[in-house]
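Encoded as structure tokens, the structure appears first; notes follow it.
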């Protein structure tokens, strides 16, 4: 049994690899650069859950660069975004203290609203030059993350 006062905060991190890389096709080098920069900006804890999504063509790079993460792939318009939303929809948000969305795509706005209603803190990791101010304003905090390929 854990004590609420000593238990670590638990984070659900959703990573849109293509968005952070700034390219629809992500090489292993770029995926590794994204993973390293993301870990440096916001370290992953031992009880956190990380899901990374990309198109099929970059699936190997995602799996190699993010060991231990749940890697999802879906091609087509908003494929990675939809894969991450599906993943989040299968998890009880109340099992987490914080939702981290690593993407500048406003398709996640509804999920942010749901997470905040469930009492989660929401952090966006995004290329702030590509995200709308309205989307960024939904989060409790924003970590600027210029695209790797930019």
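The values are calculated or read from the model by the stated rules, or taken from the named source; none is laboratory data. Quick caveat, the model's predicted, so the values are computed rather than measured. Here Cβ is always computed from backbone atoms with ideal geometry, including for glycine, and neighbour counts include all displayed protein chains.
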Checked against (1) in contact with a helix residue (DSSP H, G or I) (Cβ under 9 Å, 6 or more places away or on another chain); (2) assigned to a helix (DSSP H, G or I); (3) farther than 23 Å from residue 73 by Cβ, residue 122 satisfies every condition except (2)
Name the residue that is farthest from residue 18 (Cα to Cα), counting only residues in the stretch 97-110 that are touching a helix residue (DSSP H, G or I) at 6+ places or on another chain (Cβ under 8 Å) and touching a residue at least 60 places away in the same chain (Cβ under 8 Å).
99
Do you know which residues across the stretch 56-92 are assigned to a loop (DSSP other than H, G, I, E, B), surrounded by 12 or more Cβ atoms within 10 Å (Cβ to Cβ) and more than 15 Å from the chain's Cα centre (by Cα)?
74, 75
Criterion: assigned to a strand (DSSP E or B) and under 13 Å from the mean Cα position of the chain (by Cα) - qualifying residue of 112, 107, 101
101
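Scan the stretch 24-55 for residues that are closer than 17 Å to residue 83 by Cα and assigned to a loop (DSSP other than H, G, I, E, B) and jot them down.
The answer is 24, 25, 26, 55.
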Working only within the stretch 129-150, note down all residues that are more than 21 Å from residue 82 (Cα to Cα) and either more than 14 Å from the chain's Cα centre (by Cα) or free of Cβ contacts under 8 Å to residues at least 60 places away in the same chain (or both).
129, 133, 137, 140, 141, 142, 144, 146, 148, 149, 150
Considering the stretch 129-147 alone, what residues qualify as being modelled with pLDDT under 95, closer than 17 Å to residue 38 by Cα and surrounded by fewer than 17 Cβ atoms within 10 Å (Cβ to Cβ)?
146
